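Following: one structure in structure tokens, then a few remarks.
The values are calculated or read from the model by the stated rules, or taken from the named source; none is laboratory data. No experiment lies behind these values; they were computed from the predicted model shown. Glycine also receives a Cβ, built like all others from the backbone with ideal geometry; neighbour counts cover every protein chain displayed. For the accessible areas, the whole protein counts, side chains as well, though only heavy atoms, and no ligand, DNA or RNA atoms are used. Shrake-Rupley method; radii C 1.70, N 1.55, O 1.52, S 1.80 Å.
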Amino acid sequence: MKKPTVAFIGLGAMGAPMARNLIAGGFAVTIYNRSPGPAEALAAEGVRIATSPADAVEAGGIVVTMLANDAALEAVTLGEGGFAARLGAGGLHISMSTVSAETSRRLAVEHAKLGSKLLAAPVFGRPEAAAGRKLWICQSGSDEAKERAKPVLAALGQKVYDFGTDPGAANVVKLAGNFLIFSAIEAQAEALALAEKNGVDREVMASFFGETIFNCPIYQNYGRMLAQRSYEPAGFKLELGMKDMRLVRDVAEAAQVPMPLADLLHARLLTALAKGRGAMDWMAIELSSSEDSGLTGT
């Protein structure tokens with residue numbers, strides 16, 4: 001059976017390889033990106049380049065968004081030239097960005113007014129996982145939206161986990177997961193500083209823990225990169241990490257959930273931004289642990 005046309009909006013470090021996977025999966029893909037360069041790089045792969053978000057979608061069709069923040073998502077959906085009205089009755093918006101739960105809930109209401117549906121489907125995985133179709137996908141929304149999204153999500157990730165019908169639920173899971181990842185980065189940064197200050201080889205220790213009591217991808221992969229201080233080019237920019245941590249704290253405050261570790265991580269990020277490290281990988285908060293310990297941090 002012929003696969004549907006999919007509009008893909010947002011061709012950043014994550015979005016571009018995801019769009020390529022849809023093309024490889026046999027979907028007809030139309031793309032839109034605010035800056036033309038990433039879209040032009042895909043032009044030779046048989047996609048149509050749209051001139052606006054609205055131009056990218058088909059009435060009653062499917063659109064996938066992978067954008068940097070809530071404001072960008074709302075702009076391409078509801079702003080000038082946005083796609084919501086054109087998508088209209090029978091349409092499906094698969095929102096894969098890391099945004100607040102309230103943004104997803106608000107967009108779901110606006111789509112419903114036009115007869116379309118929103119499926120929140122944020123992902124876990126860095127750009128290399130996106131390229132390898134190894135993303136872990138969290139989803140929440142209506143059963144009808146989930147059923148229609150199945151072939152699209154199957155082309156993008158290795159497994160989909162369901163979190164019910166509340167459009168914001170998957171976003172809460174995504175923020176909680178990023179908080180856990182970032183907490184592990186901070187813990188490893190402090191441990192590596194302790195090792196280095198006492199003459200222990202950082203890489204040897206990180207490898208040991210990754211193979212033994214912390215035998216999991218976060219400690220293996222991040223541990224290796226932290227030990228080597230591989231912060232450029234960024235797989236996930238530190239400035240985006242700050243955006244996510246602000247969202248975590250906002251959700252926590254709204255729900256009256258104290259998160260003292262989130263406050264510490266926010267401070268680490270703020271320090272790194274003040275030192276001009278926003279374009280580096282979010283792991284670069286490790287440099288603060290090194291510098292606080294009297295190490296060079298380089």
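Does Leu67 satisfy the condition of being in contact with a helix residue (DSSP H, G or I) (Cβ under 8 Å, 6 or more places away or on another chain) and either at pLDDT below 95 or in a helix (DSSP H, G or I) (or both)? The answer is no for Leu67.
Is it the case that the range 248-266 has a residue that's out of contact with any Pro (no Cβ under 8 Å at 6 or more places or on another chain), over 23 Å from Gly12 (Cα atoms), in a helix (DSSP H, G or I) and among the polar types (S, T, N, Q)? So far as the range 248-266 goes, no, none of its residues is out of contact with any Pro (no Cβ under 8 Å at 6 or more places or on another chain), over 23 Å from Gly12 (Cα atoms), in a helix (DSSP H, G or I) and among the polar types (S, T, N, Q). Pairs linking a residue in the range 15-39 that is open to solvent by 30 Å² or more (accessible area, probe 1.4 Å) to a residue that is part of a strand (DSSP E or B) and modelled with pLDDT under 95, with Cβ atoms under 7 Å and 6 or more positions apart or on different chains, are Ala28/Thr5.
Identify, please: which residue in the range 135-175 is out of contact with any Pro (no Cβ under 7 Å at 6 or more places or on another chain) and among the basic types (Lys, Arg) and is, among those, most open to solvent (accessible area, probe 1.4 Å)?
Here the residue is Lys150.
Scan the range 114-140 for residues that are within 18 Å of the chain's Cα centre (by Cα) and either farther than 20 Å from Asn221 by Cβ or not in a loop (DSSP other than H, G, I, E, B) (or both) and report the count. Within the range 114-140, residues that are within 18 Å of the chain's Cα centre (by Cα) and either farther than 20 Å from Asn221 by Cβ or not in a loop (DSSP other than H, G, I, E, B) (or both) number 17. One residue stands out among those in the range 249-268 that are without any contact (Cβ under 8 Å) to a residue 40 or more places away in the chain and either within 19 Å of Ser288 (Cα to Cα) or touching a helix residue (DSSP H, G or I) at 6+ places or on another chain (Cβ under 7 Å) (or both): the one that is least open to solvent (accessible area, probe 1.4 Å), which is Ala252.
How many residues does the range 199-234 contain that are over 25 Å from Gly294 (Cβ atoms), surrounded by fewer than 20 Cβ atoms within 10 Å (Cβ to Cβ) and not β-branched (Val, Ile, Thr)?
So the count comes out to 8.
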